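Visitor: A single structure is presented below for examination.
Derivation of every value follows stated rules applied to the coordinates shown; laboratory data play no part. Owing to the predicted nature of the structure, the values given are computational and were not obtained by experimental measurement. In this analysis, Cβ positions are derived from the backbone assuming ideal geometry, glycine residues included, and neighbour counts consider all displayed protein chains.
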Amino acid sequence: MVACCLIAPAQARGQTGSVTVRVTGPDEAPLPAVLVELLADGGGVVRADGSDAAGRVRFAGIPSGRYAVRAQRLGYGTVEDTVRIEAGRTAALAITLREAAVGLPGVIVEAARRRARFEETAGATAGELTQRELKLVPAVGEADVLRAIEILPGVVSTSDFSSAFNVRGGSADQNLILLDGIPVYNPFHLGGLFSIFNADMVALAELHAGGFPAEHGGRVASVLRVESDAGGPGTTVDAGVSLLAARVAVGRDVPDGWLSGTGLRSARGRVSLRRSYFDQVLGPFFDFPYHFTDLQVHGEAWTAAGGRLVLTGYTGRDVLDLAGTDSFPLQVRWGWGNDVVGATWASQFRGGGTLQVRAGHSRFTTGIRFPEFRDTDFRARINQSLVRLDATFPAGAAVVGTGAAVDRLSYANRAETGGAVFADAGAPGSLAAAYVQVRMDPADWLLEAGIRGDAWLPHGSDAVFVAQPRVAAKRFLAGGTLAVKLAVGRYAQFVHSLRDEDLPLGIDVWVLAGARAPHVVSDQVQAGIEGYVGASWFGAVEAYYRSFDGVVATNAADDPDDPDDDLLRGRGRGYGADFHLRRERGRIRPMLAVSWLRATREFDDVFAGLDPPQRLTYAPIFDRRLDVDLVVQAMLPRDVELGIRWNLGTGLPYTRPLGAHVYYEYSSIDGGWRAPSQESDSARSAIVLGPRNAERYPPYHRLDVGLRRTYRKRWGTLTPHVDVLNVYNRRNVLFYFYQYDETPPTRAGLSMFPILPTAGLEVRF
Amino acid sequence: MPGRIVVRIALLAAMTALGPTACELSDITLAEPADLLVVEVVLKAGDTIQTAFLHRTVSAAGGARIFDATVTVREDGGGPPMSFEADADSLCLFPAPPTPPFPAGTCYVARGRTALVRPGIRYTLEVALPDGRRLTGSTQVPGEFALVRPAAPCRLPAGTGMDLAWTRAAGASVYIGETRMDHLVAALRAAGVEIERADTPVDLLGLAIGSADTTMAFPGEFGLFDRADPELHAILLAIRPGLPPGVRADIAIAAADRNYVNWVRGGAFNPSGTVRVPSLHGDGTGVIGSLVIRRTAIDTGDADLPSCP
């Protein structure tokens, strides 16, 4: 029987082949987002996929024979061609589309791309949102990528006020967030209320919640890829105004004359600018102390040979400028922001392989100044420069991917005031990584095996090498419409954020692994079943287990004479299951995500009064046991689009105080304690905590509705939109305040968003 | 600590963002909170009177005072135990006992040669109540140190500052500088500074972190935690270059152990209030800390004092 099992795939492998289709436009530049369908003799669709940024589609595991290939894209005429696929070989086909007035909706391409992912990806659990989809997820003011991905299974948000998210038991700093392949360290404005990504500039947001292959490194919980949209063709303007900000994005094709002599066949660029305006509008009436600005640049260029160059730039600044008031007289200037720049070159080999080279730099800085007290220096910074190379090539029946990367990182955090240095840490480190992964598709199987090696060389500390094997298998059933899958892997991470996740708003302050902080190693296994019912409905159930060794938390009892005990070193784990059901085609597309999670963290308990401290295991703030997202997106008549989201989450953990006591300040001058002089001076009281995170807030639920209507004008489109968050005004608990010093003692609290209507307007021409 | 200032700024920022959107929840009346014992002991090296302050978590009943506790401190390595007896509140609390609804505590005092605390020695506290409740913990007293500048009270020209300096105390977690300035408000008013505060003594704190940081600028680095205080903000700005004429500043520099620092600086975030990091374990919470204190004075008016170095 074992022999049969071994022989069967070999026989199957011998009967199938592959085809690579490359689609270009009339100028021979690669065309992305083209629906490419492989048709059998009878005209039935055997496979379909959307072309990637290089205009490429690959179908593997196709029984040998003659097939028709049909390529369609909005704004272009449909083209059909034929191809013969031979067993054990990869055929190549080039198709050129011509511009035409009619085409097909983008939603069809999205559905094809998702179907292709199901058919061609063994391990990764990926969810994606296009610009169109994320704009239909109701949000505060304007569409927000990081808010929108919360509707995906396995993703938990802990607060209406923070767009930070947790994936499958991982901490928020364990999500790798990439803008066109370049990491972004603090992708939030206003302490997390919304993200830095201007939705008009986003083509696609893709979240890998688990099982990601060896090419991905650097974080252990998830990878969120945000791809910029070059827009076009021609000159385009997207502008909008919302409750949060005003924005404009201008795109333009580079004139042919400018390209002569550069080796480029075509090029296009886009620039967006966004700024909040409340400080300007309200300025005549009262000081509104906060504003943000961000600027994003994106360019793409293609060579005659099909090479693609992508340039990305982002810079953003938040400024909180408190002038001083009677109740808080201190003048404060607090600024923070990201700077990202990157370039990616991608080209294809004749035999169907690809080569991609990427270089970039990312920086996050924050600093607080007190203009009246210049002895104060609060600042934090992290830098990352990277160069990486990725290649794929067919090798017989397999596709081999390999690559290497070199990253240089550094951080510097300092807190000093009044001559006292409370924190001063910083060091550089280098990361060298290489990987190889192999993908095979014998008969009804998809097999992926790879290994990644990360060598971390922190300055002033011992080097670390982490080998990360990753294996995934998928077995197709029921004629390829259903599949069971398994993925096992090890992941490593060499950075940590010190942001206190218990706070609803906050800024990430980063440290690198080294003498002060360990690196994180996470072993993960996930297994599930997924499949399609008909062409439209996709469903998946997946269970997972993850360990996290080397997580950190701020040490509230650190020794100032020990520079290496600022952080507690701990462990964590997460296990659970995610269910996902969605309709991928049609005018009404519902989506249901149900996530069940158990997460724990284990650290020294410095609040128990024991020396040395004992270990404590508790549920972290993001341990939402059950999270349900029901989303309906509908394209209604008269260009009206409707988005509905209902979110239910079981209560998040919190630590209940057992009691409060008067806090008596000690005076060295007096040699004793000072008696409090005011009856209700909360600064003069302290609380005694009960077991950590042993209590739960009430369940969270909220209904959001968004409505967009597009008016088509001769010059372009006008789209007013209205979002209403928390339609039935549920008082979801943000905090409880236990007021034991009141008579009788009470529990007060703050809720998250009440019913919150917002509106905006978009213009496109 | 500066974390407090940053947190306050962060909360202000948060309220800017959340103010229009967050809503208060209805108050719910709670049952009486747990009755927990709170013990605060700060051993002072070189003193032959040591105090322990015992109180309870707050409650509607106010909490009964604790007169029947057994409070004992033992020096590691032997020696007779230091026994504490309930005594007058005025030996623990300054300037007066708290007024209701703050619950009164009980001052326990140890006197005599057995109460002498020596620098560099570890001491262990045990508190036992007749109902069986018990709290224990220990402190390592910082090592001996001496003031270098000024070693004795001195006269400083008005409008100028100076760096205080001292020798290193082994095992000190921080050095807490404390000053009490008499007639400062009146002197500032006389100098034309508008101050909305009665002319009562002004107490300010400064900090040097780690055993190796043995300097502190006077008066500029004092008042570190009061810069956002509406009453003190203008005073701190006015005295940054130096004190006005006619002011006497009593100064204490205290080398503090880790327990003391952990208790006063506050720990994890909790929306209900400040969380102290205790050094006592058992049926309650509290601190056993230790200080080595050195005192001096700076005067901008007393011509009889020698000039400050």
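Visitor: Taking chain A as the reference, fit the longest principal axis to its C-alpha atoms, fit the long axis of helix A:106-120 to the helix C-alpha atoms, and give the angle between the two in degrees, 0 to 90, nearest 10.
Guide: 90
Visitor: Does a label point 7 Å from the Cα of A:Asp339, set along Cα-to-beta-carbon, have any residues of the range A:346-375 with amide nitrogen under 15 Å, and which are they?
Guide: A:360-367
Visitor: Under 16 Å Cα-Cα from A:Lys485, which lysines qualify once same-chain neighbours fewer than 8 residues away are excluded?
Guide: A:Lys474
Visitor: Which residues' amide hydrogens lie under 5 Å from the amide hydrogen of A:Thr655, considering only partners 5 or more residues apart or on another chain, with H built in the peptide plane?
Guide: Amide H to amide H, under 5 Å and 5 or more residues apart or across chains, A:Thr655 pairs with A:Asn693.
Visitor: Let me know the charge dipole size of the range A:294-365 about its Cα centre in debye, to the nearest 20, where only the beta-carbon of Lys, Arg (+1) and Asp, Glu (-1) is charged.
Guide: Details: 6 positive and 6 negative charges, 105 e Å.
The dipole of the range A:294-365 has a size of about 500 debye.
Visitor: For a quick check: sort A:Asp627, A:Asp549 by the number of other beta carbons within 10 angstrom, fewest at the front. Please report the intermediate quantities before stating the final value.
Guide: Working: A:Asp627 23, A:Asp549 16.
Ascending Cβ contact count within 10 Å gives the list A:Asp549, A:Asp627.
Visitor: How many nm is it between the label spots at A:Ala432 and A:Asp500, if each spot is 7 Å from the Cα in line with the beta carbon?
Guide: The modelled label-to-label distance comes out at 4.1 nm.
Visitor: What spacing in nm lies between the two simple spin-label points modelled at B:Ala191 and B:Leu237, each 7 Å away from Cα in the Cβ direction?
Guide: Rounded to a tenth, the inter-label distance reads 1.5 nm.
Visitor: How many nm separate the modelled label positions at A:Leu282 and B:Asp304, each set 7 Å beyond the Cα in the direction of the Cβ?
Guide: Here the answer is 5.9 nm between the modelled labels.
Visitor: A further question on this structure: Find the centroid of the Cα atoms in the range A:317-354 and in the range A:221-253, then give the distance between the two in whole Å.
Guide: If you average the Cα positions of each part, the centres end up 16 Å apart.
Visitor: How far is helix A:2-15 tilted, in degrees, relative to the longest principal axis of the Cα atoms in chain A, given as a value from 0 to 90 rounded to the nearest 10?
Guide: Here the helix axis deviates by roughly 60 degrees.
Visitor: Something else now. Output the Kirkwood hydrodynamic radius of chain B, Cα pairs only, in Å rounded to one decimal. Mind dumping the intermediate values first?
Guide: Numbers: mean 1/r = 0.0462 Å⁻¹.
Here the Kirkwood hydrodynamic radius works out to 21.6 Å.
Visitor: Now for a separate question. If each residue of separation counts as 0.36 nm, what is the full-extension length gain between A:Leu295 and A:Thr554 once their alpha-carbon separation is subtracted? Spell out each step's value before the answer.
Guide: Values: separation 259, 0.36 × 259 = 93.24 nm, distance 3.35 nm.
Full extension from A:Leu295 to A:Thr554 adds 89.9 nm.
Visitor: Can you tell me which lysines have their Cα less than 27 Å from the Cα of A:Lys135? Leave out same-chain residues fewer than eight positions away.
Guide: Filter leaves A:Lys713.
Visitor: Provide the net charge surrounding A:His361, with neighbours chosen by a C-beta distance below 10 Å and charges set as Lys +1, Arg +1, Asp -1, Glu -1. Intermediate values should be presented prior to the final figure.
Guide: Numbers: positive: A:Arg363, A:Arg408; negative: A:Asp339.
So the environment of A:His361 carries a net charge of +1.
Visitor: Could you tell me the relative contact order of the range B:144-215? Use alpha-carbon pairs under 8 Å, at least six residues apart, and round to a whole percent. It would help to have the intermediate numbers written out before the result.
Guide: Working: 97 pairs, mean separation 26.4, N = 72.
Reported relative contact order: 37 percent.
Visitor: Could you list B:Cys107, B:Cys308, B:Cys154 in order of exposure, starting from the residue whose Cβ has the fewest other Cβ atoms within 10 Å? Mind showing how you got there, number by number?
Guide: Details: B:Cys107 24, B:Cys308 21, B:Cys154 18.
Least to most surrounded, the residues fall as B:Cys154, B:Cys308, B:Cys107.
Visitor: Give me the net charge for the shell around A:Asp523: Cβ to Cβ below 12 angstrom, other residues only, Lys and Arg +1, Asp and Glu -1. Let's see the in-between values first.
Guide: Values: positive: A:Arg470, A:Arg490, A:Arg546, A:Arg571, A:Arg573; negative: A:Asp549.
It works out to a net charge of +4.
Visitor: At a threshold of 8 angstrom on Cα-Cα distance, excluding pairs fewer than six apart, so keeping six or more, what relative contact order does chain A reach in percent? If you can, show how the numbers build up before the last one.
Guide: Working: 2152 pairs, mean separation 73.1, N = 765.
For chain A, the relative contact order is 10 percent.
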